[in-house]
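Worksheet for the structure shown next.
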Amino acid sequence: MPSALTTRAIEAYKAQFGESPSIIVRAPGRVNLIGEHTDYNDGFVLPMAIEREVVIALKPRSDGYVVVYSSDYDQVTQFSPTELLRIDDPTEIWAEYMKGVTWSLSDANDPLVGWDGAIAGDVPIGAGLSSSAAIELATARAFSAAANFHWDGRVMARLCQRAENEWIGVKTGIMDQMISATGKAGHAVLIDCRSLELRPVPLPEGTVIAIMDTATRRELVTSAYNERRAQCEAAAAHFGVPALRDVDIRTFEAREHELSPVIRRRARHVITENDRTLQAAEAMTAGDAVRLGKLMNASHVSMRDDFEITNSALNTMVSLALEQPGCYGARMTGGGFGGCAVALVAQEHASGFIENMTSLYKAATSLTPSIFVTNATEGASIIT
Ligand code: GLA
């Protein structure tokens, strides 16, 4: 049985092109359990691919053109690897992600074949769940399926990151693209963002992952993100190392007085977060939900006080979550400044958790949250 989203993509394709698609591909969004803003510091992250994704129904064309209908935006875009025009229009950003990937793949000499396609997604946009990486990886998967070229998740993740960095202009790390490309069902994946080594770790038995969208989004996220990145690079330069990954906690504590207060807080977050992330992977391997929860809580405090990327909605959501029965831990997730928090919850408390949190958060903020439980899924794949 195709999912509702797959059916929507297929129906959109038929309505647009008057025939059936021959290939269907998908790529997931993600939630990061711990390891925030560590990826561009060559550190460690522990995300999982979620049951929210982007699906493309397509059929190869012979003239090299890509013609795509977006069922979410009700827009059509058309381009070819040799005719790529950047359009600075935020209402057509979905098309820019697709063009960026086309540019990046063709620049890497992947043999591209054009296609007609219909794209549909259910990853909330701008919520810190990587809707953009899902579009990028689904596009790469579509090209790989259309031309039948070899799919290597790591290589594709790098090419999609390049699209985001150079075509879109956001200096993001590798986490989102890597997990969308290589996610593993039932597991989070510990990613070493320097070597790109992957270690799948199972979710603790009897627990579920709840995603809690605060319904807040912040403008100017890109500049705040790039500013954090520059501050981390300044700290690494001070220590004379390529990246903050290379500074351990003891070295930091011995020399932190040399740094300005802001740079010191930023570095402390990244250095302690790397350590927490490695510990979290150990806790998961041992099936220790209590320890994992505590590490998530400490991560939130570090993002709130040292990295300063939470907002009051996220702080409220996390505090409320920690008061609920069966909640092991909670933290904001993703780039920050709005969007989602994530909680580790005992399975038997999951439905009560969603119910309580929805009404408590609404009462506290007058905002209507969206709270749902998700399994961990596989990375980008061909459905048929
Ligand atoms: C965004 C970026 C990632 C990562 C996170 C923060 O999602 O795309 O590369 O830096 O923020 O952990």
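Nothing in this text is a laboratory measurement; each read-out follows from the coordinates by a stated rule. Given the structure is predicted, the values throughout are model-derived calculations rather than measurements. Here Cβ is always computed from backbone atoms with ideal geometry, including for glycine, and neighbour counts include all displayed protein chains.
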> If Lys and Arg each add +1 and Asp and Glu each add -1, what is the summed charge of the other residues whose beta carbon sits under 12 Å from the beta carbon of LEU367?
Replying inline: +1
> Taking the Cβ of ARG162 as the center, what net charge do the other residues with Cβ under 11 Å away carry, scoring Lys and Arg +1 and Asp and Glu -1?
Replying inline: -3
> Once you charge only the Cβ atoms, +1 for Lys and Arg and -1 for Asp and Glu, what is the size of the charge dipole of the stretch 1-101 about its Cα centre, to the nearest 20 debye?
Replying inline: 400
> Which of PRO242, ALA95, VAL290 sits farthest toward the positive end of the charge dipole of the chain, with +1 on the Cβ of Lys and Arg and -1 on the Cβ of Asp and Glu?
Replying inline: VAL290
>> Helix-only mean residue ellipticity at 222 nm, the chain, DSSP H runs n ≥ 4 weighted -39,500 (n - 2.57), per residue, nearest 500. What is it?
In response: -13500 deg cm²/dmol
>> Treating only the Cβ of Lys, Arg, Asp and Glu as charged (+1, +1, -1, -1), what charge dipole size does the chain show about its Cα centre? Round to the nearest 20 debye.
In response: 360
> For the chain, what relative contact order do you get, as a whole percent, if you take Cα pairs closer than 8 Å and at least 6 residues apart?
Replying inline: 24
>> Only Cα pairs within less than 10 Å get springs; with that Gaussian network setup on the chain, which residue of GLY334, GLY186, GLY117 has the largest fluctuation?
In response: GLY186
> So which residue, out of MET317, MET212, MET357, gets the largest mean-square fluctuation from a GNM of the chain using Cα contacts under 10 Å as springs?
Replying inline: MET357
> Quick one: net charge of ASN274's neighbours, Cβ under 12 Å, K/R +1, D/E -1?
Replying inline: -4
> Over the stretch 203-374, what is the relative contact order in whole percent, taking alpha-carbon pairs under 8 Å and six or more residues apart?
Replying inline: 35
>> Taking amide H atoms as placed 1.01 Å from N in the peptide plane, list the residues 5 or more away in sequence, or in a different chain, whose amide H sits under 5 Å from that of TRP115.
In response: ARG61, VAL66, VAL67
> Taking θ as phi - 60°, what are the ³J(HN,Hα) couplings along the stretch 21-30 by the Karplus curve (6.51, -1.76, 1.60), each to the nearest whole Hz, with x for Gly and Pro?
Replying inline: x, 9, 9, 10, 10, 8, 8, x, x, 8
> Nearest 20 debye, what's the magnitude of the dipole of the stretch 203-374 about its Cα centre given +1 on Lys and Arg Cβ and -1 on Asp and Glu Cβ?
Replying inline: 320
> Whole number please: convex hull volume per residue of the Cα set in the stretch 1-120, in Å³?
Replying inline: 141
> Looking at GLY128, ALA163, PRO21, which one has the Cα that reaches farthest to the positive end of the dipole of the chain (charges on Cβ: Lys, Arg +1; Asp, Glu -1)?
Replying inline: GLY128
> Which of SER71, SER359, SER131 moves the most in a Gaussian network model of the chain with Cα springs under 10 Å?
Replying inline: SER359
>> I want to make sure I understand the PRE zone here: with the label point 7 angstrom from the Cα of GLN78 toward its beta carbon, which residues in the stretch 1-44 have backbone N atoms less than 14 Å away?
In response: 17
